[in-house]
Amino acid sequence: MTSPPSAPEREATGHGPVFWWGLAIGSGAMAFGLITLFSRAAATQPLDVGTFLIALALGHDLLLAPATIGIAAGLRRAFPHGVRGILSGALFVTAVVVAFSLPLVTGWGAQPDNPSFLPRDYASGVAIVLAAVWGVAAALMIHRVRRRAA
Amino acid sequence: MNLPTRIRRLTPPRVGPFREEAFRSPLYSARVASILGLALGVTFTVCFVTGFLSHLIQHPPSFFGWPPRPGWLYRVSQGVHVTTGIASIPLLFAKLWTVYPRLWVWPPLSSIPHAIERLALVPLVGGSLFLLFTGVGSISRWTPWSFSFPPAHYSVAWITIGALIVHVGAKAGTARLALSRRSIARTNEGRARDGLSRRGFLGAAFGGAAALAVATVGQTLRPLAAVSVLAPRDPRIGPQGLPVNKTAASAGVLDLATSDAWRLVVEGNVGNPLSLRLEEVLALPQREAHVAIACVDGWSATARWRGVPLRDVLALAEAPIGSGATVVSLQRPGAAYASSELDPSQIGDPETLLAVELNGEPLHIDHGFPVRLIGPNRPGVQQTKWVASVVVR
């Protein structure tokens, strides 16, 4: 699928001056972030922040990504030929919308004395957004099937 | 024998996800990764700049002054910050998907620069997920963590942007090549015959970003309020038609704010200290102003306020021209956002008011009764409610 890199490609993927400049500037920004984090340790709880950050990265790399790959492979076989791509794309958007909406739908952060916060019916909101997403997907599938039939 | 060759010879055979053919999808492509990387580079830079601006406004260093005009600037800046962050979510997951095989590259380390490049991915990936997760948690008030959100989010933003700069330095050449015309021709050769195409994958990522943006931006862009069905706020909903961030009950000021003993005190560097009852405040010359409340959470709403210009109150107290001031709330000292600072330019703006009315009615208790500060181009947390005193510097 991939051919060996050409000479310019090898040059482009090397670590030239741009890399070292990026490292110098980026390290400065990271150092400033770490100093800020530790200088306000009572509020920022650096250990908790670090644990949270690493847990999110590992959670993605070792759980979410492999699970997604497995699910995608399974669904690929289950989906009808010709519209697999559209269904996969719509499922991706569905997963992201549901994940984003979870704290809204559950109302985990709701403030009982403040009805102006989370004032909507978010379950219906999710249904509306997903109806729009799957409406677009359906239109694309119909278009695809008709084009193939023509 | 050079270092990479030595490392290759020393490393054990490739197994599991390290196998050359472990990831076969055509979506694992440098071109797709570069397009998504470019988009994320833009969105993260926008979020960083607008977030840094918000930080500077709330914690101004001596060299920084934030003008009261244009009055719309902060609401746009913070609305862009939150909406762009939300739109980044599908882009980030799509990007992580398309570069996932690179996590298992063999040999894992081929040179010192390569090791540095890979090490920088920990703060980049972890920091990006952290910023988006805590950002979404914060605007939905779901905070399953022990740290204080603003300083932690701010610190990790610097760490992440630093790691992003390192990553851009390492990948600029690869991305330039992957985005070139020659790359398009090569990419099309390896096109998927069935399943999600690269164009379809990018369409889903950017379509998802657009869907989330439209579904939430109405909390600050009023014409879209009706279609933003996933926005944590609706600029049309709340007491007197305006959302509330913190209620009087949760601030613990219900009794103090409604007590007959309440006075508006003006003190500090003044020639004529004041202690005014509410009737006396109401008897002062008033003016009306259309000023937006712009919350750090990304929602904003314009309302019609009526009150006494702060500069007139300070003139009555014989404060020196060019003074700064601290507006102090009835909240217990030390409580978050219990006071706010104003510099001379903000005090001098005729629409910076000690407001007593909202949309034609006396202030609702949750909007700061009996008196609140309202001024153009200020974060909502600096529009101090339940004002007890103004201390002139």
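The values are calculated or read from the model by the stated rules, or taken from the named source; none is laboratory data. Source: prediction; values computed, not measured. Neighbour counts run over all protein chains shown; Cβ positions are idealised from the backbone, glycine included.
When the residues of segment B:35-49 are narrowed to those that are touching a residue at least 40 places away in the same chain (Cβ under 8 Å) and among the aliphatic types (A, V, I, L, M), which ends up nearest to B:ALA178 (Cα to Cα)?
Among those that are touching a residue at least 40 places away in the same chain (Cβ under 8 Å) and among the aliphatic types (A, V, I, L, M), it is B:ILE35.
Do you know which residues across segment A:92-150 are aromatic (Phe, Trp, Tyr) and assigned to a helix (DSSP H, G or I)?
Within segment A:92-150, A:PHE92, A:PHE100, A:TYR122, A:TRP134 qualify.
Given the conditions (1) of a type in the set (A, V, I, L, M); (2) modelled with pLDDT under 95; (3) touching a helix residue (DSSP H, G or I) at 6+ places or on another chain (Cβ under 6 Å), and given that B:LEU330 satisfies all but one, which numbered condition is not satisfied?
Unmet for B:LEU330, out of (1) of a type in the set (A, V, I, L, M); (2) modelled with pLDDT under 95; (3) touching a helix residue (DSSP H, G or I) at 6+ places or on another chain (Cβ under 6 Å): (2).
Output the number of residues of segment B:115-137 satisfying the condition of being of a type in the set (Gly, Ala, Ser), buried (at least 20 other Cβ atoms within 10 Å of the Cβ) and over 19 Å from B:LEU103 (Cα atoms).
Total satisfying the criteria: 1.
Taking B:ALA226 as the residue in question, decide whether it is surrounded by fewer than 17 Cβ atoms within 10 Å (Cβ to Cβ), more than 13 Å from B:VAL371 (Cβ to Cβ), within 35 Å of the chain's Cα centre (by Cα) and of a type in the set (A, V, I, L, M).
yes
Only one of B:ARG75, B:ARG69 is outside any helix (DSSP H, G or I) and either modelled with pLDDT under 95 or not aromatic (Phe, Trp, Tyr) (or both). Can you tell me which?
Only one candidate qualifies: B:ARG69.
Among (1) at pLDDT 95 or above; (2) over 18 Å from the mean Cα position of the chain (by Cα), which single condition is A:ALA7 missing?
Result: A:ALA7 fails condition (1) only.
Given A:GLY59, A:GLY26, A:GLY70, which one is at pLDDT 95 or above and surrounded by fewer than 17 Cβ atoms within 10 Å (Cβ to Cβ)?
A:GLY59
Residues are listed down the side, and each one gets a yes or a no for (1) β-branched (Val, Ile, Thr); (2) crowded, with 21+ Cβ neighbours inside 10 Å; (3) more than 7 Å from every other protein chain (Cβ to nearest Cβ); (4) part of a helix (DSSP H, G or I):
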position: B:LEU109; (1), (2), (3), (4): no, no, yes, no
position: B:PRO113; (1), (2), (3), (4): no, no, no, yes
position: B:SER155; (1), (2), (3), (4): no, yes, no, yes
position: B:THR160; (1), (2), (3), (4): yes, yes, yes, yes
position: B:ALA172; (1), (2), (3), (4): no, no, no, yes
position: B:ARG176; (1), (2), (3), (4): no, no, no, yes
